[in-house]
Amino acid sequence: MGKLLDSIDSPKDLKVLSLEELNRLADEIRQLLIRFCRRHGGHLGSNLATIEPIIALHYVFDMPHDHLIFDVSHQAYTHKILTGRRQAYTDPESQEDLSGFTSPKESPYDDFMLGHTGTSIGLACGMAAQRDATGGKANIIAFIGDGSLSSGPAFEGLDWAAEQGGNLIIVVNDNEMSIAENHGGLYKSLADLRASGGHSSDNPFRALGLDYCYVEEGNRIEDLIEAFRRVKDTDHPVVVHIHTRKGLGLGQGSQGQIGPISMAQSDANTAHMTSLPDLPAEGPVETNHWQDGLDSLGRLPNSRKTYGRMAMQALEARFPQEPGLMVISPATPLSNGIDPDFRQRAGNHYRDVGIAESHAIAYAAGIAKAGGTPVVATSATFFQRAYDQIEQEMALNGSAVTLLIFSTGVTKTDATHSGTADMVMMRGIPGLTCLAPTSGAEFLDMLAWATGPARQPVVIRVPGERTLATERAGKQIAPATSNPAAESQPWDRYRILQEGRTVALLALGDALPLGRDLADSLEASMGLKPTLVDPHRYDRLDEQTLDALASTHSLVATIEDGQLDGGWGQAVAAYYGPAQVRTLAFGAAKEFNDRVPQATLLEKYGMTVPAMTQAISDALVDQAS
């Protein structure tokens with residue numbers, strides 16, 4: 001029997017299929033996505049839960065005349081497959097062609113580039129308002145799930161949808177999970193609705209004035225088609241609450257599930273892919289939310305889990321003596337090394353507040369005000385969502401909150417998850433001490449100080465892959481300090497790692513290994529031994545050290561693994577101004593990049609060792625002429 005999937009080039013091709021064929025198509029897509037995510041990496045569990053709902057939506061509605069707006073959009077793989085982008089999932093040579101999220105650059109079926117959470121309902125309200133203002137008739141559908149309802153903007157969107165009225169369909173994909181477990185009172189209401197078949201009087205959607213219907217078997221295509229037909233062309237906002245199973249298709253022996261896919265089971269168009277080592281069968285649902293791709297050596301990275309686990313171990317040892325010490329995660333614990341075993345042992349010392357970064361910071365500030373010691377851990381790109389709370393509740397109030405910022409720097413990532421802007425954001429807020437460790441040991445020293453004697457707002461940029469690779473290779477770029485936590489301001493002064501002449505290299509945080517390589521290159525190619533400096537922090541300048549460097553060097557070069565415009569290196573250059581010392585600043589451009597390889601970006605930004613060596617050589621020649 002041939003593959004049905006091969007005949008699906010647009011949603012129109014679905015509409016001629018029988019129910020039996022639709023179910024067969026769902027099975028084909030499920031097996032394809034398991035293979036794809038294991039090799040390429042991607043959001044696995046969330047997409048396995050939404051195969052049938054997305055098939056049913058495209059079967060009933062008429063996209064792109066009707067509009068389907070995903071929340072986060074990390075669960076849109078089936079949508080992409082059905083809208084002419086199948087090849088990116090079946091052909092290994094095309095697997096870099098697509099974003100992991102929706103993107104209007106790829107297809108007219110995608111209205112927005114989305115990678116953060118809680119915004120789908122607000123976006124849908126806006127599109128519906130414009131449709132009504134111009135006499136349009138399209139159905140506007142918001143598809144929200146995976147814990148996104150705990151996000152503040154989602155509540156605001158629901159509240160406004162009831163006020164606005166008109167055609168608006170909100171599909172709540174309830175798979176009983178966020179990235180980890182769901183947290184918040186709203187999910188108790190959802191559980192009551194599931195238990196009552198949608199009849200519970202504790203219905204937050206009806207309480208807001210929204211119409212409501214419930215689909216218990218949210219992975220049963222015929223039930224979904226019936227529900228979506230019922231609400232199509234509605235004249236008022238309605239919530240369709242569907243109960244799905246996250247990770248459906250993984251594990252052994254479960255009804256309706258398939259086991260792990262082996263290379264022997266791959267179809268012809270994936271059989272020529274490089275053989276991969278056997279991977280363990282998926283465990284709890286949380287571990288299936290995201291599947292790391294393998295590198296060229298068949299390894300699963302990464303620095304986030306390594307340094308995150310180190311931090312949690314250090315904090316856990318203090319829990320018995322410090323009842324107010326608390327780790328707070330806005331729904332992304334496992335990816336940052338906060339694993340289930342730690343969470344269970346931590347008890348009341350750990351809180352997952354759901355996908356609610358703004359609340360996480362305000363909550364932490366309240367804990368600090370009451371005398372506690374909160375640590376908030378998440379990715380750089382997610383802290384953007386809490387800018388106002390970091391600036392107001394945390395910094396303005398001097399709240400003793402410690403932020404651990406993961407996933408920073410110049411890396412290959414979707415445009416929505418870039419980690420290059422965090423230093424510009426944080427250093428622009430008064431009252432924050434912003435630290436950039438250069439090793440795991442220094443990271444733990446900074447964490448001990450921030451959660452101990454500091455009693456002030458502190459941001460720590462968690463070391464990245466470059467630092468981890470250096471440590472794994474047994475190289476010591478920067479010597480350890482002696483009991484820094486006992487000092488009042490232990491990282492106020494820059495540290496000279498290598499005394500040299502003529503050129504001073506100031507390499508911040510995760511850029512320090514690059515600075516060391518550049519120092520070696522200058523000595524090898526030019527016979528010039530530069531001074532190498534570890535600045536430690538990026539919210540302020542060590543003017544005393546900068547003045548000393550200016551008196552003994554003719555060129556100062558800064559290297560930062562982040563955005564140059566508005567960043568730390570530009571602050572160094574501005575401090576020197578028209579002084580006799582020349583400055584060069586190396587960093588990332590202020591731009592969005594979508595899945596551009598790191599090596600390509602570093603080449604583009606002139607941040608490779610050969611490029612920086614040449615730039616320094618040219619600057620010295622200019623000075624001499």
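Rule-based calculations on the coordinates, nothing more; no lab input. If you're wondering where the values come from, they're calculated on a predicted model, not measured in any experiment. All Cβ positions, even for glycine, are placed from backbone atoms using ideal geometry, and neighbour counts span all protein chains on display.
Distance from the Cα centroid of segment 8-72 to that of segment 413-432 is 35 Å (rounded to whole angstrom).
Give me the lysines in straight-line cross-link reach of Lys529: C-alpha distance below 30 Å, same-chain residues under 8 apart excluded. Hits, sequence-local ones excluded: Lys475, Lys604.
Measuring nothing but how far apart in sequence close Cα pairs (under 8 Å, 6+ apart) lie, relative to its length, the chain scores a relative contact order of 10 percent.
Taking a straight Cα-Cα cut-off under 14 Å and skipping sequence neighbours fewer than 8 places away in the same chain, the aspartates and glutamates within cross-link reach of Lys412 are Glu96, Asp97, Asp292, Asp295, Glu465, Asp561, Glu591, Asp594, Glu603. Beta bridges assigned by DSSP with both partners in the chain are antiparallel in approximately 10 percent of cases. Per residue, the convex hull around the alpha carbon atoms of segment 4-243 comes to 112 Å³. To the nearest ten degrees, helix 221-231 and the longest principal axis of the Cα atoms of the chain are 90 degrees apart.
Order of Tyr363, Tyr307, Tyr576 from fewest to most other C-beta atoms within 10 Å?
Fewest-to-most Cβ neighbours within 10 Å comes out as Tyr576, Tyr363, Tyr307.
The angle separating the long axis of helix 543-552 from the principal Cα axis of greatest extent in the chain is about 50 degrees. Cross-link partners of Lys3 among lysines, defined as those whose alpha carbon lies under 27 angstrom from its own and excluding same-chain residues fewer than eight positions apart: Lys12, Lys15, Lys80, Lys246. Under the convention that each Lys and Arg Cβ holds +1 and each Asp and Glu Cβ holds -1, the size of the dipole of the chain around its Cα centre is about 860 debye. Shown here are the Rg and Dmax of the Cα trace of segment 329-456, at 14.1, 41 Å. Residue exposure proxy: Glu316, Glu21, ordered by other Cβ atoms within 10 angstrom of their Cβ from fewest to most, comes out as Glu21, Glu316. Taking only the alpha carbons of the chain, we obtain Rg and Dmax values of 26.2, 83 Å in that order. With angles folded into 0 to 90 degrees, how steeply does helix 512-526 sit against the dominant principal axis of the chain? Use alpha carbons for both and round to 10. Once rounded, one gets 50 degrees.
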